[in-house]
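Chemist: One structure is given below, represented as structure tokens, and several questions about it will come after.
The values are calculated or read from the model by the stated rules, or taken from the named source; none is laboratory data. Quick caveat: nothing in here was measured; it's all calculated off a predicted structure. No Cβ is skipped: glycine too gets one built from the backbone with ideal geometry, and neighbour counts run over all protein chains shown. Accessible surface areas use protein heavy atoms only, side chains included; no ligands, DNA or RNA. Shrake-Rupley method; radii C 1.70, N 1.55, O 1.52, S 1.80 Å.
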Amino acid sequence: MKKQRLLGWILLLSLTTAMTGCGQTPPQESVAHEVELLEPVGMTDSGEAARRRNLYDTDIYSATVVPYVEEYGFDDEVTLKEFGAFPGETVARGEILALSDTEKIDKQIEEQLERIQDMETEFAEYQLQVQEDLAEPREEVKRLADIVENLEREKPEEYLKIPPKPEEGPPEEEPPGTVSGPDAELPPEEEKPQVNPAYKEWEQQYNYWNGRYRIADHGVNTALLQLEQRTALYELDHAYAMQQLGFLRDNKNNITVHSGMAGNVVALTDYGYGDRIEGETPIVAVGDPQRLVLKSDYINRKAAATAQEMYAVIDGIRYEVEYVPMESDEYTRLTAQGETVYSTLYLKGDTQNVHLGDYVAVVVVNKKQEQALSVPADAIHKDDTGSYVYVVKGDENIYTPVSTGMSDGVYTEILSGIAEGDVVRLDQGRQYSDQRVTLQMGSFYTDFSGNGYMIYPSSVVQRNPITHGTVYFQEFQTAMYQHVEKGDVIATVRVAADEIGLQRLTLQLQRQLERVQDLMEQGEEENKKAIENRQKEILKLQEDIAELTQDYQTTAIRAQQSGIVIWMADLENEDILQTDSYLVEIADENTCYVILENEGDILTYGNQVQVSYLDREEQQKETTGMVANLNGRAVSRFLHQEYALILLPSELIGDMSVGTAGWGGWWNRAIFGVEARLREMDNVLIVPRRAVRETDGCTYVNVVEPDGSIVRRSFIAGGFDKSNYWVVEGLTEGMELCLE
């Protein structure tokens, strides 16, 4: 069910707001027709002296202080399960913001973990068994190696030593006629060495023990080689299994939305449990309250680049700003998607007095001339030769050519032709009232009032938990908008048991018990592994039988959490309930807001409002709440809502919730009054609207100079309401103004 269905229905229940004023400058041409002037009481001479004054060509853009925002959504299309955090709540980097239905992938992850655990256990047992099996052979190899080593040290000589022959004299000379060469007689062969009998005996023993050693050592090495090969295969299989687990977890992360930074949740969509959400659709936004950003009405990139000055005014304090240009492709993309485009600016310098939700006037000075010699624009005429004025000399009006500069629509800069103090003729004289006003500092704001209702966006759907047998619904034990405690009975049921299935499991259990008994009689030690496997199967069968028995004996379904029942399934007595079918939806009472229509997008995150309500004793009370969601200036159209969520003090929620208990049972629909001062500017110069004239987008007043003369002066207006303008630049506190 989509929250939008609930919220839309709530907002149709006579959500109303009433506002006075707007706190920003609308098209200036419309203001002149609304100015109220007093009846003229006098007429000045039809002339005015050229004076030095500041001339302005400016544009004012309405802006709001918002946090730096990041929007998040699912990578792929999913079915939403629940949100992990709600507007106004603090989240850490990496914290879960939204969950899709991960039951299937959770099961796959669980099964993969079990496979990995079984693999690790099996290999660890194999390693242990190999080590146990090699313990005695290794001792035998060591014993045999010692014997062979000792025999090698005791090795006797292979041959007996032959004693040397006695020394003989020099050979006699061969007598004449002796034959030499091949036919001559050879001397007798040397005597061959004799084999040592001790060596023969040693060799026999050495060959015997060395043979046994080599056989034993080969057996150990073969087993170790098998272990090495098995280890290599295990490591490959284990690495692959871990990789598959990683893939599953990555897939789960892809269908789970995590916050990329620490901050506060500042926007949430209307999607609810079970809704399908397209991939890459923003559904939740997190803002960093430590990183302040200005979101203003769109400021053209070229206008910003060519501006002589650009700054922001917040509560009468001027702040320098950094304009963030938007690429033309991005502007085109956003407008094509139906987005209202806003500009982004960053504040420079000390911002400790700036707060989220503050109203800001961004001043773009297209051109400004300080202390420019100027005359009224209507005193300047044109002919074929250029611009000229009539300078008043006594009774004469002298034609005087002039060169002009910038104009603010009321006064025009004179570059040459006349000097300061020269009086130029006006075709129409000035009319002034004898009434005077003195400029003072004050506050400028818009009043807001509306009515809202309490809602609970965090909820869980209670489903039928019975998985075995046929479940027949009997009746609900709760009602809409009723409070329930965890464990309370919410519905009664009747379960028809599957006797055949239960008998089948019971028979399987009996057979497994008999087989274990047979194995134990054949030899418990020899059949240890087989017995352990059978016992695991027995434990699983016992758990299944216990689960079936428990389900068949169930007569009541209980609440899984405490809260407010906000939805109930349409069920009748003896309706069959499928496993996991919806029964009721229970909202978390600790996550609740006052919701009200945000007409004109005037409320935004950080605004402080006063909420009035009736307490338990039906006494009128008031508390301060905070707007917990951003308006359309700071989030995309996917997260823009037509309502505002007011975060309430947690300690007062219970008292506020039951303030109208018994009102048709709809006590959580109690009406709350919401009042606020919005688009507020404190410590700014206030000018009564009746003292202001507006011509061609320029606002000006008649200033009474110390010498009693009256001079028109332009000023930059930050905004106005039915009674006053507030001044950005051009006037000072204590100035005396004359009404025309």
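Chemist: If the requirement is being over 20 Å from His468 (Cα atoms), out of contact with any strand residue (DSSP E or B) (no Cβ under 6 Å at 6 or more places or on another chain) and open to solvent by 70 Å² or more (accessible area, probe 1.4 Å), which of these qualifies: Asp570, Asp601?
Modeler: Unique residue meeting the criteria: Asp570.
Conditions tested, residue by residue: (1) closer than 30 Å to Glu589 by Cα; (2) in contact with a His (Cβ under 7 Å, 6 or more places away or on another chain); (3) among the polar types (S, T, N, Q).
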site: Leu80; (1), (2), (3): yes, no, no
site: Pro87; (1), (2), (3): yes, no, no
site: Arg93; (1), (2), (3): yes, no, no
site: Leu97; (1), (2), (3): yes, yes, no
site: Thr102; (1), (2), (3): yes, no, yes
site: Gln108; (1), (2), (3): no, no, yes
site: Met119; (1), (2), (3): no, yes, no
site: Glu139; (1), (2), (3): no, no, no
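Chemist: Among (1) at pLDDT below 90; (2) within 29 Å of the chain's Cα centre (by Cα), which single condition is Ile314 missing?
Modeler: (1)
Chemist: Here is a further query. Within the range 551-571, count every residue that is closer than 21 Å to His483 by Cβ and among the hydroxyl-bearing types (Ser, Thr, Tyr).
Modeler: Going through the range 551-571 one residue at a time, the tally reaches 1.
Chemist: Another one. Here is a list: Leu614, Leu647. Which entry is under 22 Å from Asp288 (Cβ atoms) and touching a residue at least 40 places away in the same chain (Cβ under 8 Å)?
Modeler: Leu647
Chemist: Something else now. Only one of Gln512, Gln517 is part of a helix (DSSP H, G or I) and open to solvent by 70 Å² or more (accessible area, probe 1.4 Å). Can you tell me which?
Modeler: Selected residue: Gln517, the only one of Gln512, Gln517 that is part of a helix (DSSP H, G or I) and open to solvent by 70 Å² or more (accessible area, probe 1.4 Å).
Chemist: Collect the residues in the range 728-740 that are closer than 19 Å to Ser407 by Cβ and part of a loop (DSSP other than H, G, I, E, B), keeping them in residue-number order.
Modeler: Hit for the range 728-740 is Gly730, nothing else.
Chemist: Suppose the filter is under 30 Å from Gly357 (Cα atoms), in contact (Cβ under 8 Å) with a residue 12 or more places away in the chain and assigned to a loop (DSSP other than H, G, I, E, B); does Pro465 pass it?
Modeler: It is false that Pro465 is under 30 Å from Gly357 (Cα atoms), in contact (Cβ under 8 Å) with a residue 12 or more places away in the chain and assigned to a loop (DSSP other than H, G, I, E, B).
Chemist: If you don't mind, another one. Quick one: how many residues across the range 133-176 are among the small types (Gly, Ala, Ser) and either exposed (fewer than 11 other Cβ atoms within 10 Å of the Cβ) or at pLDDT below 85 (or both)?
Modeler: The qualifying residues number 2.
Chemist: Let me ask something else. So, Ile299, is that one within 18 Å of Arg633 (Cα to Cα) and either open to solvent by less than 70 Å² (accessible area, probe 1.4 Å) or at pLDDT 90 or above (or both) or not?
Modeler: Spelling it out, Ile299 is indeed within 18 Å of Arg633 (Cα to Cα) and either open to solvent by less than 70 Å² (accessible area, probe 1.4 Å) or at pLDDT 90 or above (or both).
Chemist: For the range 379-397, name all the residues that are without any contact (Cβ under 8 Å) to a residue 60 or more places away in the chain, surrounded by 15 or more Cβ atoms within 10 Å (Cβ to Cβ), not in a loop (DSSP other than H, G, I, E, B) and not aromatic (Phe, Trp, Tyr).
Modeler: Ser387, Val389, Val391, Asn397, listed by residue number.
Chemist: So which residues in the range 203-251 are under 20 Å from Leu134 (Cβ atoms), hydroxyl-bearing (Ser, Thr, Tyr) and exposed (fewer than 13 other Cβ atoms within 10 Å of the Cβ), if there are any at all?
Modeler: Passing the criteria: only Thr222.
Chemist: Sort out which residues of the range 317-366 are of a type in the set (Ser, Thr, Tyr), under 17 Å from Thr58 (Cβ atoms) and within 27 Å of the chain's Cα centre (by Cα), and write them in order of number.
Modeler: Listed by number, the residues that qualify are Tyr323, Ser343.
Chemist: Continuing with this model, one more query. Do any strands (runs of 3 or more DSSP E) lying entirely in the range 262-369 carry at least 3 residues that are small (Gly, Ala, Ser), and which ones are they?
Modeler: 284-297
Chemist: Mind checking whether some residue in the range 632-641 is in a helix (DSSP H, G or I), charged (D, E, K, R) and either within 26 Å of Val360 (Cβ to Cβ) or open to solvent by 10 Å² or more (accessible area, probe 1.4 Å) (or both)?
Modeler: no
Chemist: Within the range 495-504, track down each residue that is surrounded by 15 or more Cβ atoms within 10 Å (Cβ to Cβ) and out of contact with any Gly (no Cβ under 8 Å at 6 or more places or on another chain).
Modeler: Leu502, the sole residue that qualifies.
Chemist: Oh, and also: Based on this model, can you work out whether Ala336 counts as of a type in the set (A, V, I, L, M) and without any contact (Cβ under 8 Å) to a residue 12 or more places away in the chain?
Modeler: yes
Chemist: Also, I was wondering about something else. I'd like to verify a number: residues in the range 527-560 that are in a loop (DSSP other than H, G, I, E, B) and either open to solvent by 70 Å² or more (accessible area, probe 1.4 Å) or within 25 Å of Arg494 (Cβ to Cβ) (or both), how many?
Modeler: Selection size over the range 527-560: 5.
Chemist: Next question, about the same structure. Suppose we filter Thr58, Thr64 for residues that are surrounded by 22 or more Cβ atoms within 10 Å (Cβ to Cβ), among the β-branched types (Val, Ile, Thr) and over 30 Å from Gly625 (Cβ atoms); which single one remains?
Modeler: Step by step, each of Thr58, Thr64 is checked, and only Thr58 is surrounded by 22 or more Cβ atoms within 10 Å (Cβ to Cβ), among the β-branched types (Val, Ile, Thr) and over 30 Å from Gly625 (Cβ atoms).
Chemist: Out of curiosity, is Thr624 in a loop (DSSP other than H, G, I, E, B), hydroxyl-bearing (Ser, Thr, Tyr) and within 34 Å of the chain's Cα centre (by Cα)?
Modeler: No.
Chemist: Is it true that some residue in the range 646-663 is assigned to a strand (DSSP E or B), at pLDDT below 90 and of a type in the set (S, T, N, Q)?
Modeler: no
Chemist: Within the range 275-296, restricting attention to residues that are touching a Lys or Arg at 6+ places or on another chain (Cβ under 9 Å) and farther than 18 Å from Glu82 by Cβ, which residue is most open to solvent (accessible area, probe 1.4 Å)?
Modeler: It comes out as Lys295.
Chemist: Any chance the range 612-620 includes a residue that's modelled with pLDDT of 90 or more and not in a loop (DSSP other than H, G, I, E, B)?
Modeler: Yes: one or more hits.
Chemist: Of the numbered conditions (1) under 27 Å from the mean Cα position of the chain (by Cα); (2) buried (at least 16 other Cβ atoms within 10 Å of the Cβ); (3) not hydroxyl-bearing (Ser, Thr, Tyr), Ile414 satisfies every one except a single condition; which is it?
Modeler: For Ile414, the exception is condition (1).
Chemist: Also: Just the residues that are open to solvent by less than 40 Å² (accessible area, probe 1.4 Å), in a strand (DSSP E or B) and β-branched (Val, Ile, Thr), please, taken from the range 80-109.
Modeler: Of everything in the range 80-109, just one residue is open to solvent by less than 40 Å² (accessible area, probe 1.4 Å), in a strand (DSSP E or B) and β-branched (Val, Ile, Thr), namely Val91.
Chemist: For the range 688-727, which fully contained strands (runs of 3 or more DSSP E) count at least 3 residues that are farther than 25 Å from Gly421 by Cα and not charged (D, E, K, R)?
Modeler: Here the list reads 710-720.
Chemist: Taking only pairs six or more apart or across chains, which ones have beta-carbon atoms under 8 Å, a first residue in the range 130-150 that is on the phi < 0 side of the Ramachandran plot, and a second residue that is in a helix (DSSP H, G or I) and of a type in the set (Ser, Thr, Tyr)?
Modeler: Between residues of the range 130-150 that are on the phi < 0 side of the Ramachandran plot and residues that are in a helix (DSSP H, G or I) and of a type in the set (Ser, Thr, Tyr), the close pairs are Val141/Tyr213; Leu144/Tyr213; Ala145/Tyr213; Ile147/Tyr213; Val148/Tyr206; Val148/Tyr213.
Chemist: For the range 67-78, enumerate the residues that are open to solvent by 40 Å² or more (accessible area, probe 1.4 Å) and either out of contact with any helix residue (DSSP H, G or I) (no Cβ under 7 Å at 6 or more places or on another chain) or under 30 Å from Glu370 (Cβ atoms) (or both).
Modeler: Within the range 67-78, Tyr68, Glu70, Glu71, Glu77 meet the criteria.
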